[in-house]
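Here is the structure we will look at.
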Amino acid sequence: MPKSPIFLHFLLLLVLTVFAAIANATAAQQFKEAPQFYNSPDCPVITEEDDQLDGEESSILCSDQAVHVAMTLDTAYIRGSMAAILSVLQHSSCPQNIAFHFVASATANASHLRATISSSFPYLNFQVYSFDDSSVSRLISTSIRSALDCPLNYARSYLANLLPLCVRRVVYLDSDLVLVDDIAKLAATPLGDNSVLAAPEYCNANFTSYFTLTFWSNPALSLTFANRKACYFNTGVMVIDLDRWREGDFTTKIEEWMELQKRMRIYELGSLPPFLLVFAGNIVPVDHKWNQHGLGGDNFRGLCRDLHPGPVSLLHWSGKGKPWTRLDANRPCPLDALWAPYDLLQTPFALDS
């Protein structure tokens, strides 16, 4: 039965009202200023040099002595990003030697994001780079969870193109994590003579489940992993040699698999499988303590999870549930209490100290 014009008009107004409420709630988020963190006496001194980027930015953004950290930045996850930044600085021996490289969608309000970071971290060394969503949107296939289909999730595949050529190595971090150890230790992971990236591997995971029967039943495709001890690794924490990435043109290799996915449906899980297809079995394994992942629960129900056995240097709420959402709903998982101390959100009831 066809709907009346009045009903359709009402439905449209309802949808617009909901979206406006969400946008206003996001825009209304205010964050506290974080403490300033200082280098320990034995940190290398990074001086201002003549070869500054564009003649304007601090040379630390181009220094090999800096620890370079790349993250995506958007309004939906800005609260998580702020907590992650604070955790990195708080546990670093040389916080003033950390350079942050934030990638934001070209359609985002970059000036607002930049101002938000600056107001909470006035002394932070950072740059915001614009990512053209259209460069990857045409390649994205729907996955098991709509949040995974956001074009910005794929920005990690384009870091070598987005960041200045002088940035040769970077630690990529998702926005739903906190560090409880010095990031310099992770950044110093030896990559050997040939490896492009390092990440914690999980060889006990069922690797075949990340690809469809179409993939495994086609020898031309499944032989991709021949002579490779391919293991699952989480792309939310990676150490990347950008020089080697550029030399090997790995962005193009990832895009080629995404183009095939559009035609044949060879995987189901967003931006992860193309990374596995290109790099699994050819990465430097990092200790699991650097990615205690899955704390957001599974992708369907977001159930609470415990830590994996062993030491912890990084807590990662990958999965459906995010700690700030569960805390706001007063339905936190036990481990969300470990994220809460890094939350910089200024609540309406907080009093100025």
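So is ARG301 closer than 18 Å to SER209 by Cβ and out of contact with any Ser or Thr (no Cβ under 6 Å at 6 or more places or on another chain) or not?
yes
When the residues of segment 68-105 are narrowed to those that are closer than 15 Å to LEU177 by Cα and among the β-branched types (Val, Ile, Thr), which ends up surrounded by the most Cβ atoms within 10 Å (Cβ to Cβ)?
ILE85
Please tell me if ASP132 is modelled with pLDDT under 95, over 23 Å from GLN65 (Cα atoms), acidic (Asp, Glu) and open to solvent by 50 Å² or more (accessible area, probe 1.4 Å).
yes
Which of the residues belonging to segment 310-329 are open to solvent by 10 Å² or more (accessible area, probe 1.4 Å), polar (S, T, N, Q) and assigned to a loop (DSSP other than H, G, I, E, B)?
SER318, the sole residue that qualifies.
Take the residues in segment 303-322 that are within 24 Å of GLN29 (Cβ to Cβ) and free of Cβ contacts under 8 Å to residues at least 40 places away in the same chain; name whichever of them is farthest from the chain's Cα centre (by Cα).
Restricting to residues being within 24 Å of GLN29 (Cβ to Cβ) and free of Cβ contacts under 8 Å to residues at least 40 places away in the same chain, the top hit is GLY321.
Where in segment 161-271 are the helices (runs of 4 or more DSSP H), entirely inside, with at least 1 residues that are of a type in the set (S, T, N, Q) and crowded, with 19+ Cβ neighbours inside 10 Å?
Helices (runs of 4 or more DSSP H) meeting the threshold: 250-264.
Tell me the residue from LEU307, LEU277, LEU303 that is open to solvent by less than 60 Å² (accessible area, probe 1.4 Å) and aliphatic (A, V, I, L, M), please.
Within the list LEU307, LEU277, LEU303, the selection yields LEU277.
Looking at GLU247, GLU256, GLU268 in this structure, which one is more than 20 Å from the chain's Cα centre (by Cα), among the charged types (D, E, K, R) and more than 29 Å from GLN65 (Cα to Cα)?
Exactly one of GLU247, GLU256, GLU268 is more than 20 Å from the chain's Cα centre (by Cα), among the charged types (D, E, K, R) and more than 29 Å from GLN65 (Cα to Cα), namely GLU256.
Could you check segment 97-128 and list, in sequence order, the residues that are assigned to a loop (DSSP other than H, G, I, E, B) and under 17 Å from ALA76 (Cβ atoms)?
ALA106, THR107, ALA108, ASN109
Of the residues THR251, THR214, THR224, THR208, which is without any contact (Cβ under 8 Å) to a residue 12 or more places away in the chain, farther than 30 Å from ALA337 by Cα and of a type in the set (Ser, Thr, Tyr)?
The match here is THR208.
A quick yes/no check of all residues on (1) farther than 24 Å from VAL312 by Cβ; (2) touching a strand residue (DSSP E or B) at 6+ places or on another chain (Cβ under 8 Å):
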{"residue": "PRO151", "(1), (2)": "yes, yes"}
{"residue": "TYR154", "(1), (2)": "yes, no"}
{"residue": "VAL180", "(1), (2)": "no, yes"}
{"residue": "CYS203", "(1), (2)": "no, yes"}
{"residue": "THR208", "(1), (2)": "yes, no"}
{"residue": "TRP216", "(1), (2)": "yes, no"}
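The values are calculated or read from the model by the stated rules, or taken from the named source; none is laboratory data. All values reported here derive from a predicted model rather than from experimental measurement. Using ideal geometry, Cβ is built from the backbone for each residue, glycine included, and neighbour counts are taken over all protein chains shown. Only protein heavy atoms, including side chains, enter the accessible area calculation; ligands, DNA and RNA are left aside. Shrake-Rupley method; radii C 1.70, N 1.55, O 1.52, S 1.80 Å.
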